[in-house]
1. Name the residues in region 380-417 that are farther than 25 Å from ALA151 by Cβ and hydroxyl-bearing (Ser, Thr, Tyr), would you?
2. Those residues that are small (Gly, Ala, Ser) and either surrounded by fewer than 19 Cβ atoms within 10 Å (Cβ to Cβ) or farther than 13 Å from PRO181 by Cβ (or both), I need them from region 220-246; list them, please.
3. If you take the residues of region 268-315 that are of a type in the set (Gly, Ala, Ser) and outside any helix (DSSP H, G or I), which of them is farthest from ALA177 (Cα to Cα)?
4. Looking at region 270-287, which of its residues are open to solvent by 40 Å² or more (accessible area, probe 1.4 Å) and more than 23 Å from ASN334 (Cβ to Cβ)?
5. (1) closer than 16 Å to VAL195 by Cβ; (2) out of contact with any Gly (no Cβ under 7 Å at 6 or more places or on another chain): which one isn't true of ILE214, the others all being true?
6. Step by step: first the residues of region 345-367, then only those that are more than 14 Å from GLU197 (Cα to Cα) and over 17 Å from the mean Cα position of the chain (by Cα), then the one that is surrounded by the fewest Cβ atoms within 10 Å (Cβ to Cβ). Which residue is that?
7. When PHE292 is evaluated against the numbered criteria (1) aromatic (Phe, Trp, Tyr); (2) over 30 Å from ALA110 (Cα atoms); (3) open to solvent by less than 10 Å² (accessible area, probe 1.4 Å), which criterion, by number, is the only one it fails?
Amino acid sequence: MMMASYYSKAAAVLLLAASATAFVPTTSRGVSLEPLCMNKKKKQRPKVNSNKGFGGGSSSGTITSSALESDMLIRPKTTSNFQYAGSIRPGLQTPKRIVPSEKIKFPDYALDGQPKNRPALFPWVIETKKPEEIEKMRASGRCAREVLDLAGRAVRPGITTDEIDRIVHEASIERGAYPSPLNYHNFPKSCCTSVNEVICHGIPDDRQLQEGDIVNIDITCYLDGYHGDCSEMFVVGGEDAVDPVGKRLLQTTYDCWIKALNFVKPGNDYKDIGAIIEDHVTREGFTTVKSFCGHGIGSVFHTNPNILHYKNSEPAGKMAAGHTFTIEPMICENGNNYLMWPDDWTATTKDGGRSAQFEHTLLITPDGVEALTGKIETSPVQFWERDSNVHKGLWLGTTPSAKEREGALNSNLLNSN
């Protein structure tokens, strides 16, 4: 789950305030404007049931198998004259789902929606994780990967994104994890589902997926005090259901992402990631979103460094062993300007063109980088992994140990597909 770009020397003094939001719009010169609506909503303390669970719906505190935990569906905030960019419209939402606090460790924002920890004032000040923290992040990353794979397997024509959210919610809790998006700055669901022209932060609802849709599912799990964050694209109806331009958009997004991942190693500048991405997608006739960025991650959901997915000269610091962060480019088939829906969350392309995205939580080691949310033995192989000219098969990292695991995994998965 990405945040909006907030950066630049001119804006450094605003970081302390801006960090309370998941994203902040910027001008083309990188000067921060007022935060977007994550922190504009009137804050209301969620109801906590008698057994100390969190969420809406059933008062029993148990996780129900039905997506309709209440007899009341919620109509999202909208306006009668709002001009949507494409074909996607907001649907009805089920209430926030229950998380049993007696079983699950909560992040600091779970009850009131407000994260308490903020990143360092200067964007080049980046936390180095200790060995015991890295092990916890490996566990949360594995958890997020398992949940994402389950959600992806559920993608098919006719399923609602709310049903996918139910699957994500229950799978997270079964693994002892809190679904990190839930109530983060009052976000109402346990994952983000961004369909077609939706760039990011799509709210799961009762809309049924249709054959040929492309959908990004963004999963973050908070396990034992640490977040693991990843996202992936899925084609509703399978590879043959997507048109040639959509297929090329997906392949280009994946390939630019892999190029950026391969760049990561100690001593390199974080700012240089963006040029690798933009150069690749521009050659293919696509654009990269400039208003949302990757981020540092650990015990705090969003922190330094800020990972910009376009050419820039911002002072984001140097890579070093022990850093953990995400790279998550959002690539558009047409223009890269965004339109914010009245729900204050859903960001679509302004021209209605489709957008695609991939994301890993990464760990820098002394000899390279590893994907803490990398695919596992039961993960699906997508056509863009199979057909990539940048990296054939699944990508797990550049370290010797990651390459060894990757080789064994690819040998098994590619031969079975």
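1. Those that are farther than 25 Å from ALA151 by Cβ and hydroxyl-bearing (Ser, Thr, Tyr): THR398, THR399, SER401, SER411.
2. Just the residues of region 220-246 that are small (Gly, Ala, Ser), to begin with: 225, 228, 231, 237-238, 241, 246.
Selection gives GLY225, GLY237, GLY238, ALA241, GLY246.
3. To start, the set of residues in region 268-315 that are of a type in the set (Gly, Ala, Ser) comprises 274-275, 285, 291, 294, 296, 298-299, 313.
Among the residues that remain, those that are also outside any helix (DSSP H, G or I) are: 285, 291, 294, 296, 298-299, 313.
Values: GLY285: 40, SER291: 30, GLY294: 22, GLY296: 20, GLY298: 14, SER299: 13, SER313: 37 Å.
Looking at the filtered set, the residue picked out is GLY285.
4. LYS271, ASP272
5. Status for ILE214: all satisfied but (2).
6. Only one residue fits best here, namely PRO366.
7. Here PHE292 meets the rest and fails (2).
Residue by residue, here is whether (1) part of a helix (DSSP H, G or I); (2) in contact with a Lys or Arg (Cβ under 8 Å, 6 or more places away or on another chain); (3) open to solvent by 20 Å² or more (accessible area, probe 1.4 Å) holds:
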site	(1), (2), (3)
ILE134	yes, no, yes
VAL147	yes, yes, no
ALA151	yes, no, no
ILE164	yes, no, no
GLU170	yes, no, yes
LEU182	no, yes, no
LYS189	no, yes, no
GLN210	no, no, yes
ASP218	no, no, no
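The values are calculated or read from the model by the stated rules, or taken from the named source; none is laboratory data. These figures come from a predicted structure and were not determined experimentally. Because the Cβ atoms are built from the backbone with ideal geometry, glycine has one as well, and the counts that use them run over all protein chains shown. The accessibility values were calculated without ligands, DNA or RNA, using every heavy atom of the protein model including side chains. Shrake-Rupley method; radii C 1.70, N 1.55, O 1.52, S 1.80 Å.
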